[in-house]
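A.B. asks: Please see the structure below; I have some questions.
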Amino acid sequence: MKKICLILCILLGMTTQAQEKETLVLIKTTLGDITVKLYNDTPLHRDNFIKLINEGWYNNSPFHRVIKDFMIQGGQNADGTVDPGYTVPAEFRSNHFHKKGALAAARQGDHVNPKKASSGCQFYIVQGNVLTDAHIQMYQQRYGLNFTPEQIEAYKTVGGTPHLDGEYTVFGEVVEGMDVIDKIANVKTGYMDVPVEAVTMTVEIIKN
C-alpha cells in the first residue's frame, strides 16, 4: 500500500510539473534575440501564438510600430497581412500586468470592440518608463487603478505602462533580451511610428 501511495504521489508530482511548465519562445530580430515565456493561465492566447509560430506567420515580419518609452509592436505577416481573420477573447488576469518586458495582444478600440477581444496576430512588448510614487498615485487616481505591492515594486524598478492594465491581455513576459527591447525602441521612426530602417523578426518555439 505504501509503495502504491508513493507511486501515486510521484505521478501526481510529475503531472503538476508538466502542467506548470511554460512554453519558451525565441524572437530573433535584426537587432538581437528576445526570449519570452508564455503564461499557462492565458491558454487561448498561448495556443494561438504557438499556432501562428508553427505556421511561420511571423517569419521575416517587421516590428511595424515602435514608440520609444512605450512599446514595440509586431504581428503582421511578412507579406503585409495584418489580420488572420479572427479575434481571441480577452483573458485578463490581475497577476499579469504591463511591466517592462510584458508580452501583450493588440486590439481594436472599445467603440468597435466592447469586449476587448484581442487581434488574432498583433502583439506588442512593453518598454515603458520607471515610475515614481507620484506617478503611481496619479495613475491610480486618473484611471481608477488599485495597484498590488507586486505591481508597485515592478513599476518603480523596471518600469512599464500601467494605464494599459485591464485593457489589453498580457499573455507572456520577456525572460532574456531586455536590452534588445531598448535597441528596437530607440530606432528612428517615420510616419505612423514605422521604423525608417526595417527591424524584422523570425519566431520559433524553444524545445525543452
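A.B. asks: Any residue in region 116-129 that's in contact (Cβ under 8 Å) with a residue 60 or more places away in the chain and closer than 19 Å to residue 28 by Cβ: show its pairings with residues that are in a loop (DSSP other than H, G, I, E, B) and open to solvent by less than 10 Å² (accessible area, probe 1.4 Å) at Cβ separation under 6 Å, as long as the two are six or more apart or on different chains.
C.D. replies: Short answer, once both residue conditions are applied: 121/75; 123/75.
A.B. asks: From the list 130, 170, pick out the single residue that is of a type in the set (A, V, I, L, M, F, W, C), within 28 Å of residue 32 (Cα to Cα) and open to solvent by 10 Å² or more (accessible area, probe 1.4 Å).
C.D. replies: Within the list 130, 170, the selection yields 130.
A.B. asks: Another one. If you take the residues of region 176-208 that are closer than 14 Å to residue 32 by Cα, aliphatic (A, V, I, L, M) and open to solvent by 60 Å² or more (accessible area, probe 1.4 Å), which of them is farthest from the chain's Cα centre (by Cα)?
C.D. replies: Among those that are closer than 14 Å to residue 32 by Cα, aliphatic (A, V, I, L, M) and open to solvent by 60 Å² or more (accessible area, probe 1.4 Å), it is 198.
A.B. asks: Could you check region 170-194 and list, in sequence order, the residues that are of a type outside the set (Val, Ile, Thr), within 16 Å of residue 123 (Cα to Cα) and assigned to a strand (DSSP E or B)?
C.D. replies: 171, 172, 173
A.B. asks: For region 134-148, state whether one or more residues are hydrophobic (A, V, I, L, M, F, W, C), modelled with pLDDT of 95 or more and crowded, with 20+ Cβ neighbours inside 10 Å.
C.D. replies: no
A.B. asks: State which residue is most open to solvent (accessible area, probe 1.4 Å) when the search covers only region 54-76 and only residues that are in contact with a Cys (Cβ under 8 Å, 6 or more places away or on another chain) and under 23 Å from residue 112 (Cα atoms).
C.D. replies: Result: 76.
A.B. asks: Related question: Would you confirm whether or not region 111-124 contains a residue that is at pLDDT 95 or above and of a type in the set (Lys, Arg)?
C.D. replies: yes
A.B. asks: What single numbered condition from (1) more than 26 Å from residue 29 (Cα to Cα); (2) at pLDDT 95 or above; (3) of a type in the set (Gly, Ala, Ser) fails to hold for residue 190?
C.D. replies: For residue 190, the failing item is (1).
A.B. asks: Looking at residue 197 and the list (1) touching a strand residue (DSSP E or B) at 6+ places or on another chain (Cβ under 7 Å); (2) not in a helix (DSSP H, G or I), which single condition is not satisfied?
C.D. replies: (1)
A.B. asks: From (1) free of Cβ contacts under 8 Å to residues at least 60 places away in the same chain; (2) surrounded by 13 or more Cβ atoms within 10 Å (Cβ to Cβ); (3) farther than 19 Å from residue 68 by Cα, pick out the condition that doesn't hold for residue 158.
C.D. replies: The single condition residue 158 does not satisfy is (3).
A.B. asks: Now for a different question. Answer yes or no as to whether residue 108 is closer than 19 Å to residue 174 by Cβ and either at pLDDT 95 or above or of a type in the set (Lys, Arg) (or both).
C.D. replies: no
A.B. asks: Filter region 32-43 for residues that are surrounded by 20 or more Cβ atoms within 10 Å (Cβ to Cβ) and farther than 21 Å from residue 95 by Cβ and give the result.
C.D. replies: 34
A.B. asks: A further question follows. What are the pairs with Cβ atoms under 9 angstrom where one residue, in region 45-62, is under 15 Å from residue 206 (Cβ atoms) and touching a residue at least 60 places away in the same chain (Cβ under 8 Å) and the other, located anywhere, is assigned to a helix (DSSP H, G or I) and open to solvent by less than 30 Å² (accessible area, probe 1.4 Å)? Sequence gap at least six, or different chains.
C.D. replies: From region 45-62, the pairs are 58/52.
A.B. asks: Ok, one more. Would you confirm, using the coordinates I've provided, whether residue 172 is in contact with a Leu (Cβ under 8 Å, 6 or more places away or on another chain), of a type outside the set (Ser, Thr, Tyr) and under 18 Å from residue 132 (Cβ atoms)?
C.D. replies: Considered against the rule, which asks whether it is in contact with a Leu (Cβ under 8 Å, 6 or more places away or on another chain), of a type outside the set (Ser, Thr, Tyr) and under 18 Å from residue 132 (Cβ atoms), residue 172 comes out as no.
A.B. asks: Return the residues of region 63-110 that are on the phi > 0 side of the Ramachandran plot and free of Cβ contacts under 8 Å to residues at least 24 places away in the same chain; say none if nothing qualifies.
C.D. replies: Correct list: 80 only.
The values are calculated or read from the model by the stated rules, or taken from the named source; none is laboratory data. Worth saying up front: this structure is predicted, and the values here are computed from it rather than measured. We place every Cβ from the backbone using ideal geometry, glycine too, and count neighbours over all the protein chains shown. What goes into the accessible areas is simple: the full protein's heavy atoms, side chains included, and nothing from ligands, DNA or RNA. Shrake-Rupley method; radii C 1.70, N 1.55, O 1.52, S 1.80 Å.
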